[in-house]
Structures are given as C-alpha cells and as structure tokens.
Amino acid sequence: MDQNSFRNLISGADKGLFNTLVRLVLRIVSVPYRIAVFVRNFGYNKGISSIHKAGVPVISIGNITTGGTGKTPLVIWLCKMLEAKSIACAVLTRGYKAQDAEITDEPAILARACPQARVVVNPDRVAGAAKAVEKFGAKALVMDDGFQHRRLHRDLDIVAIDATCPFGFGHMLPGGLLREPKAAIKRAQAVVITRYDQSSTKRTDKLVTAIKKIAPDITIAKATHKHTSAKIMKGREISLQELKELDIFAFCGVGNPNAFLGNLKSYGFNVKGSKVFNDHHDFTGDDIAAIYDEAKKVDADLILSTEKDWVKTALLVRDRFDIDFAFLTLELDFIEGADKIEALVDAVVAGA
C-alpha cells in the first residue's frame, strides 16, 4: 500500500466495512507501540535512562507526527538567525537512509541553504553532537527531527505542528500518524503551527485552544510556507507570475503531498497532471522517464517538484529531456510569534 492510500485509510476517507475493520485492527496493533513509547519516556522522565549533555546549547526542532510538518524550513530559519547573531552552529540530523555520513535529501537542502552551518549526519545524536563541538567548534547545535531523540539533552524544544493535519488523525502509529500521544507537547517550550494559511481560521483557533489545554504556558507561533519562484537546472529562475502562464506536470515524494499540490492550486497554476511517490522515495532513471512520459502526454511546458525531490533527481535529469525539470523554492514566513521564538533562543544562548 502506498503512502497516499494509507493516509486515506487511517483518516477514514475510505469508507466501507472492510476499511473500517482494517482501521480497527491497526488501532489495536498500535497499543503495543503506545506502551513502548510510554515505557521509554518514563525511563527518561525518571532518570532511569541516561541523558547526555553536549556542553553547548542544543535546540531541537521536531514534531509528534510522521510525515512532513515543515521542520526543514524551520531548521533553516533558525540556523540563519543564529548566523546573523555570529553564533557558529551545526545541524544534527540522522539523514533518512543515509549511510556512513552520506548527505541525502534533507541534509543536502540544509547544507545548500545554510552554508555557514556544519551539517553532521549521524543517527547517534550524542556522537554527532560531540563531533560538531570538538571537530567543528560549534557554539550551538540545532537538532533536526529531535523531539523523540531524548538521549541528547536539549535546552529548547520547538515542535512543528501542521495545521492541515495537526494530530495525525488522532491515533498512534500504525492506526494514525502520531509518534507520541498529544500530551507529549508538554515537554516542549514552543510550538510553531505550520501551513497556517492552508487551514480555516476556525480550525486553527481550535488547534491553538487544544495546544493550550495540553500546555497552558507554551509559546505558540504561526507560520506559512512561502514560495517565491521556481528554479531550473543551472540556476535559472521562473517567477510565480511566469509559472501561471505554463502548463505544469507536478511530482513529489514528501510526507504531505496534498500540501504541495494544494499550494500549486492556490497559486492558480495550470497543473495538467501529477504523480505522487512515497516520502523519501529513492528515484531511479525509470521513475524519471515515467514522469517525463506522463508530462509529455499532457503537453506540459514544465515538470515541477519540491526542492527535496529535485535534490535527488537532478543528476538523473541532466540534459536528457526536452521539458525542463524545476523545483519550487520554499521558505518559512512567520505570521506571528517569530519574536517570541527568537527571545527563547536568545535566552538559551545567553544562559550558556
């Protein structure tokens, strides 16, 4: 079952007796996972499991659900803020499917966007932190996708919550998308509600109320994902206005494909067709050829993806096709609360 089909199943979008029974089985199967998460967190909360300090401030960016919640743009924003304050920082990332410090999709994006920051790829965050401090002289560490990696002490936990699917359909994996119960938010000092513009005001107000009910004193910020242009191989840029005049074929392999495709629709782009792959899909030459063939069938002028997908497909595309492949640039745009997040970061750094 592919990612989209799974989301439709657990969300309840797929009706019928069989799908209802499958959802029930998945929710029963999630009980052992919930117990394991409880036991693990109990160990850390009670000091039974060891927590290691890095010797410099550690700021974690994480979430409580699987899939794309907008962590990477938030990590980039944070690194740029630290760089502006002349604080040498490093990003700790496990690097999905990475081996031997290999740079994969998300680490590659971080390295491109934050050239002054060291990107340390290691699933062992404690070892990665030691390397960042001892070898690279980092004065602050940003832990990407770090909320559940509790072996490394963090001085500030920031949780990204996607406004379009905030609590993973209300159930733990595999019955839903929750990595932990919603109550885990109490461990964090701040929440950034991402894709704020893709949800109604009524829904986001309810979300803020729900978060405050769990953690009354938590800092809440709101942000959108802002796209400014598309970039083609060799760096040529196409403005959003120019994109509206093109026939586009879109593809992606991200945690929340509906958010990406929904953005294209909201911008008024003429999307003639699309193809969705699972998150972190390892693209092959055959995949690219299939994408091109589908784009050709609908007379597309441009094949558009996310930057995460483009990083993994650029070398496979190079000068092979007569339709350009491009990615939509992305940055975090705070609606409110950026100053509050910055104040928390300043307090952590000053405390060091």
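Some observations on this one:
- All of 250, 300, 290, 343 fail the test of being within 21 Å of residue 77 (Cβ to Cβ) and not basic (Lys, Arg), apart from 343.
- One residue stands out in the range 1-44 among those that are among the hydrophobic types (A, V, I, L, M, F, W, C) and not in a helix (DSSP H, G or I): the one that is nearest to residue 176 (Cα to Cα), namely 13.
- Taking the range 64-154 as the region of interest, the helices (runs of 4 or more DSSP H) fully inside it that hold 2 or more residues being within 30 Å of residue 7 (Cβ to Cβ) and either modelled with pLDDT of 95 or more or among the aliphatic types (A, V, I, L, M) (or both) are 71-84, 105-113.
- Filter pass, residue 155 being within 30 Å of residue 13 (Cα to Cα), among the charged types (D, E, K, R) and surrounded by 17 or more Cβ atoms within 10 Å (Cβ to Cβ): no
- Verdict on residue 266 being in contact with a strand residue (DSSP E or B) (Cβ under 7 Å, 6 or more places away or on another chain) and either small (Gly, Ala, Ser) or over 16 Å from residue 303 (Cα atoms) (or both): no
- Yes/no for residue 27 being within 24 Å of the chain's Cα centre (by Cα), basic (Lys, Arg), surrounded by fewer than 19 Cβ atoms within 10 Å (Cβ to Cβ) and not assigned by TED's automatic domain parsing to the domain that holds residue 126: no
- All conditions in (1) over 29 Å from residue 32 (Cβ atoms); (2) β-branched (Val, Ile, Thr); (3) in contact with an Asp or Glu (Cβ under 8 Å, 6 or more places away or on another chain) hold for residue 254, with the sole exception of (1).
The values are calculated or read from the model by the stated rules, or taken from the named source; none is laboratory data. Worth saying up front: this structure is predicted, and the values here are computed from it rather than measured. Cβ sites come from the backbone with ideal geometry, for glycine too, and all protein chains shown count toward neighbours.
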